[in-house]
1. What's the ranking of 551-558, 154-161 by average number of surrounding C-beta atoms within 10 Å, highest first?
2. First select every other residue whose beta carbon is under 12 angstrom from the beta carbon of Asp545; then total the charges, Lys and Arg +1, Asp and Glu -1.
3. If you average 1/r over every pair of different alpha-carbon atoms in region 269-332 and take one over that average, what Kirkwood value in Å do you get?
4. Sum -39500 (n - 2.57) across every DSSP H segment of at least 4 residues in the chain, then divide by the residue count to get the 222 nm mean residue ellipticity, nearest 500.
5. Hey, got the dipole for region 602-733? About the Cα centre, +1 on K and R Cβ, -1 on D and E Cβ, debye to the nearest 20?
6. Could you grab the Rg to Rh ratio for region 288-421? Cα atoms only, Kirkwood for Rh.
7. What order, most packed first, do the peptides 48-60, 795-807 have when packing is the mean number of other Cβ atoms within 10 Å of each residue?
8. Can you put His480, His30, His768, His681 in order of Cβ neighbours within 10 angstrom, beginning with the fewest?
Amino acid sequence: MACDGGCRTDCVERPLSRALRGLGGLVGAHPWPFLLLPVALSAALGSGFHLLPSRESNDIEAQFTPRGGPAKSERRLVQERFPTRDAERFSAQRLTTEGTFASFVAVAAEPSHTVLTRAAFAELLALDAAVRGFSAGGRAYAEVCALQNGSCSSPNPLLSAVGGDPARIEALLPGLTFPLWQGRVFLGVSLGGVSVGTGAADNRSRPVRAAKALRLFYYLREDDPAQREASLRWLKAFLERIPKMLDSLNFTSMRVAYFTSISRQEEFEKNGKEVVPLFSITYFLTIFFSIISCSRLDCVRTKVWVAAFGVLSSGLAVVSSFGLLLFCGVPFVITVANAPFLILGVGVDDMFIMVSCWQHTKVKDTVVDRMANTYAEAAVSVTITTLTDVLAFYIGIATSFPSIQSFCIYTGTALVFCYIYNLTFFGAVLALNGRREESNRHWLTFMKVSNESQDSRGSAYNMCCVGGSYDEPTGTELEHPMNGFFRKHFGPFLMHTWTKVFVVALYLGYLGSSIYGCTRVKEGIDLRHLAKDSSYVVQYYNWEDEYFKEYGPRVMVIVTKSIPYWNSAVRADLENCIELLENSTYVDKYLSEAWLRMYVMIANRMSLNIDYRSSFIGNLSVLFRVNPESQWDVNFTNLEISASRFFIQTVNVTTAVDERNLLEQLRGLAADCRIPLIVYHPAFIYFDQYLVISQNTIQNVLIAAGAMLLISLLLIPNPLCSLWVTFTIASVIIGVTGFMAYWDVSLDSISMINLVICIGFSVDFSAHISYAFVSSEKHGMNDKAVDALYHLGYPIIQGAVSTIVGVAVLSVAATYIFRTFFKIMFLVILFGAAHGIIFIPVFLTFFGFCGRL
């Protein structure tokens with residue numbers, strides 16, 4: 001259909017309204033097929049839930065790090081050039097992954113004490129003996145441990161130094177220095193909370209006076225699948241028995257926290273089990289609230305069944321959509337467990353809109369006509385919000401984070417089903433309930449009742465057994481008290497001049513505080529947040545942050561191509577590159593390790609000429625004899641050094657901002673170097689999120705806002721009001737992002753999901769009000785605003801409260817993922833509702849031409 005005339009903007013809205021009017025009449029005339037078919041479809045698609053175990057994909061790295069992150073390709077290169085051999089020459093700093101390990105942090109029992117005592121080391125040796133004596137699946141620790149020089153790698157250099165005699169720590173303490181001990185042993189990752197003295201002989205280390213914490217690492221082999229599987233079995237059995245093991249040791253000089261390389265993943269996977277009981281509680285609370293808010297004292301006009309089946313409609317949408325996607329093989333991630341709470345809020349919100357429009361139809365009209373009028377009035381508004389919500393989530397699929405992609409696919413598809421079921425299943429319930437009302441039957445007994453009060457029977461009888469009254473002057477149902485409140489009190493009060501001035505001032509204050517908060521938002525996911533608050537890993541992370549944050553990752557610097565190392569000019573260029581990296585604000589230049597520097601030093605000391613290819617290659621064996629570990633950092637291919645690596649030690653990487661800056665600095669310096677270099681550490685896999693999280697969020701918001709504007713222009717018959725809807729999106733997103741900082745929520749892949757939700761939900765309330773404002777037949781701007789609030793103010797309050805009720809149970813969850821979902825949903829609903837019933841009605845009155853064109 002073409003738009004006739006240059007100013008018509010309702011060429012989509014009008015035919016859509018007519019089509020939905022026809023659908024409403026059809027549902028009203030034949031409700032049973034529309035009721036039963038969605039139930040049958042849900043039963044069929046719901047069988048897809050038996051595939052859920054095989055579709056679960058909760059690998060933390062795969063889901064919460066960006067797909068195609070640079071560190072992943074860098075890891076592949078390092079693994080190709082420098083393969084590990086844990087059964088022969090294990091080296092923790094040369095691992096290309098986090099490794100397979102069990103770890104302990106031992107902290108002095110009293111804050112003022114030190115772990116460098118005979119008593120503490122006696123307990124540490126007992127712990128070490130217990131770990132080494134542990135067997136699982138017929139495999140002792142010695143059979144799965146990573147080997148170094150033919151024996152299991154040392155968990156801590158000080159523990160190895162004392163041997164089996166705890167008294168030796170007292171003899172070692174006078175010569176103990178930090179962070180380097182004996183000029184070569186790095187203690188930064190082994191000893192924490194260190195107090196040092198003065199008078200060091202060089203710039204590297206100072207005498208140790210005390211230390212509050214000590215860390216042990218027990219690395220296991222993972223060179224091939226069989227070794228990896230045996231190590232994982234050992235770790236799983238270890239995790240099951242370690243609590244009892246620690247209790248039996250009965251420590252008095254120290255406290256111990258433990259962690260393994262599989263702990264984070266296992267604790268994360270437990271989160272999904274927590275949400276199941278919360279989901280059932282949420283549905284009960286939502287049904288209860290819906291029934292209460294839709295109930296009337298009139299035993300005929302009350303909407304008890306409509307409210308209950310309206311919530312059920314959302315549940316059917318979840319079952320159908322999730323079952324369909326499970327059949328299609330879409331991965332199910334733990335973040336998707338948040339989706340049913342969201343779908344419930346959207347579905348119930350649309351239900352309240354349709355019920356409100358039904359109540360404004362003529363009681364004496366036929367059910368078919370009332371349904372047609374209800375759909376014509378409500379379904380366009382519901383269509384606008386559904387389209388915007390679905391688009392917001394499907395646009396979110398373009399993100400780099402698989403966890404967000406899965407959430408957006410499941411949620412967007414569920415919203416489609418929710419819309420379809422609201423127009424079919426819920427519409428059929430509304431029509432059947434209309435038939436009951438038409439025949440003046442009781443809501444519970446379905447018996448016909450009188451519509452005239454009988455004073456001789458008493459007030460209780462009249463309340464329970466008399467109903468069907470309506471407002472005779474208008475022909476509609478009696479006005480709900482809340483609708484009357486918006487028409488008589490709230491709307492007129494909001495339209496006063498001084499109230500508008502206050503609303504504008506309130507908005508400016510909201511906007512200013514939100515923008516300031518946006519500048520304070522932290523970025524990046526804290527991995528401890530993937531576990532429950534009560535998890536044993538939280539204590540380990542807390543102590544790690546408290547005592548071992550001074551020294552960050554030990555970063556590999558890899559020369560990725562073959563270069564003529566024997567050329568002194570090339571060596572000078574490489575040395576300049578390393579010095580540039582060492583001069584970074586996050587690097588301690590005294591803790592670097594470079595095989596080439598050592599080789600040059602040895603060559604100068606022994607008067608070896610290494611400025612020619614043959615002599616350089618031929619004399620490398622001298623370096624390898626002096627420092628055997630150097631040969632692990634030089635990759636020979638066809639008698640050429642095809643790649644080599646060096647190590648730099650980072651410091652003071654304590655916040656997400658530091659991690660992002662570190663990554664950007666080191667990669668920038670490496671890229672600017674004349675020598676082909678890359679920098680790598682396993683932690684960079686997670687650091688990569690900082691480079692794309694803001695970009696992805698802004699990109700999704702801008703694309704979605706543009707799509708929302710297009711939909712609003714097509715379906716709201718006034719361009720200016722469509723711009724107000726788009727303005728609301730930006731305003732709510734700024735508010736939610738700003739207040740995230742005040743509520744201690746970081747911008748990460750979890751909260752990014754919720755910002756995608758913002759895009760859809762921020763439209764809902766303002767779109768309803770804007771459409772009602774434009775569609776109002778009143779003439780004055782203030783009258784239009786009051787009329788819009790009269791029709792939709794209460795449904796907006798119902799939708800907002802029902803959604804908050806739906807997610808409120810998540811506020812008590814013991815997991816960051818679900819609490820964050822509650823916090824941001826609360827902010828979205830609060831700010832969205834405030835825009836819908838306070839800000840937008842006032843702002844619309846400032847423009848006298850914001851009406852139907």
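Each reported figure results from applying straightforward, stated rules to the coordinates on display, with no laboratory input. Owing to the predicted nature of the structure, the values given are computational and were not obtained by experimental measurement. All Cβ positions, even for glycine, are placed from backbone atoms using ideal geometry, and neighbour counts span all protein chains on display.
1. Details: 551-558: 22.4, 154-161: 18.9.
Final packing ranking: 551-558, 154-161.
2. Working: positive: Arg528, Lys549; negative: Asp526, Glu544, Glu546, Glu550.
Once all neighbours under 12 Å are counted, the net charge is -2.
3. Values: mean 1/r = 0.0723 Å⁻¹.
Kirkwood hydrodynamic radius for region 269-332: 13.8 Å.
4. Working: 35 runs with 482 residues, N = 853.
Counting only the DSSP helices, I get -18000 deg cm²/dmol.
5. Numbers: 7 positive and 9 negative charges, 38 e Å.
For this selection, approximately 180 debye.
6. Numbers: Rg = 16.9 Å, Rh = 16.0 Å.
Checking Rg against Rh, the ratio lands at 1.05.
7. Numbers: 48-60: 14.9, 795-807: 23.8.
Taking the mean over residues of other Cβ atoms within 10 Å, the ranking is 795-807, 48-60.
8. Details: His480 16, His30 13, His768 31, His681 25.
Result, fewest neighbours first: His30, His480, His681, His768.
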